[in-house]
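Colleague: Starting off with a structure, shown below.
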Amino acid sequence: MNVVALAAQRIGGSFVAEVSGVDLARDMVAAWDAIHAAYLEHKILIFHDQDLSAKRFHDFGERFGTIEPHTVVMYHHNELPGITVLSNRVEMGRPKGIRDAGSHWHSDYSYKAIPANVTMLYALEVPNEGGDTKFIDLAAAYRALPDAIKQRLEGLTALHHYRRTKEREHPEGRWQLLTETERAATPEVVHPIVRTHPETGEKSLFVFPGITSGIQHIHGLAKAESDALLMELYAHCTEPRFQFTYKWNAGDLVLWDNRCTMHHATTDVLPADQYRTLYRINTKGTEPI
């Protein structure tokens, strides 16, 4: 087997790299070791000009572990349910995919007992303007915390509950879209506020202000104290110094490590005549520690 000469160029301050020299339709096996090493080093990888079938995209996802289909079944790919379709198009009166998925800061599947490892998105069509994705390096945010705050966070856990939110009228809140079966599959879960990466040993924050993570409170703290600490952490980790914004091109494949990053889509503010359609895959991670 030939070894592929992969190059990963850092384009963000503490994370994010563009990868060149790899055609994933042809090289994913030969380049796998280098891709995985770059993934752990940079947290987010961007591959340009890819030409992948749904099956080939699915095959690449399986390199990262067990693919876990999205909770909302109606947006699964017709032939490969491990792929979720994200799209603001409407076909024959029915949404082609999830129109504004993740339009808030979150880490995928953090509301599950076993959250996601990788998320990968493959862009089939993108708008001329808008539709960017924002990212935050939660490991860098943790490193920048004062020692006193780090000590205060040690051992603390938070309750997560999918789509539970104080914003009762939010279209993604209060379990809108979910069937009874889907609700039963998303019970309350408890995760540490600071988690240790299972492969690198690096620590990062693991709290997110977005509604799908549904963080209710910190265990062992009074409501006022819990709310104040969470707001302090949210304000800290969303500072511009920890952020990176990516503008998509058709044919881009972008993947990221949910164990040490969070992200924010902006599709909810796209004009009606600007279309964005992507395939998404998540793989199952490990229990946060």
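Values quoted throughout were computed directly from the atomic coordinates according to the rules given, and no laboratory measurement underlies them. Remember, predicted model here, so these are calculated numbers, not experimental data.
Colleague: List every DSSP H helix in the chain whose Cα atoms extend 18 Å or more along the helix's own long axis and whose mean Kyte-Doolittle hydropathy is at least 0.0.
Modeller: Answer set is 223-237.
Colleague: How would the chain be classified by its alpha-carbon gyration tensor: rounded, prolate or oblate, with rounded meaning a/c under 1.5 and the a/b versus b/c comparison settling the rest?
Modeller: Taking the square roots of the gyration eigenvalues as a ≥ b ≥ c, the chain is oblate.
Colleague: I would also like to ask the following. For the chain, what is the calculated [θ] at 222 nm in deg cm²/dmol (nearest 500), taking -39500 (n - 2.57) for each run of four or more DSSP H residues and dividing by its residue count?
Modeller: After summing the helix terms and dividing by the residues of the chain, the value is -5500 deg cm²/dmol.
Colleague: Run the reach check for K150 against lysines, Cα to Cα strictly under 18 Å, same-chain hits fewer than 8 apart removed. What comes back?
Modeller: K203
Colleague: Separation of the range 220-270 and the range 82-133 by C-alpha centroid, Å?
Modeller: 15
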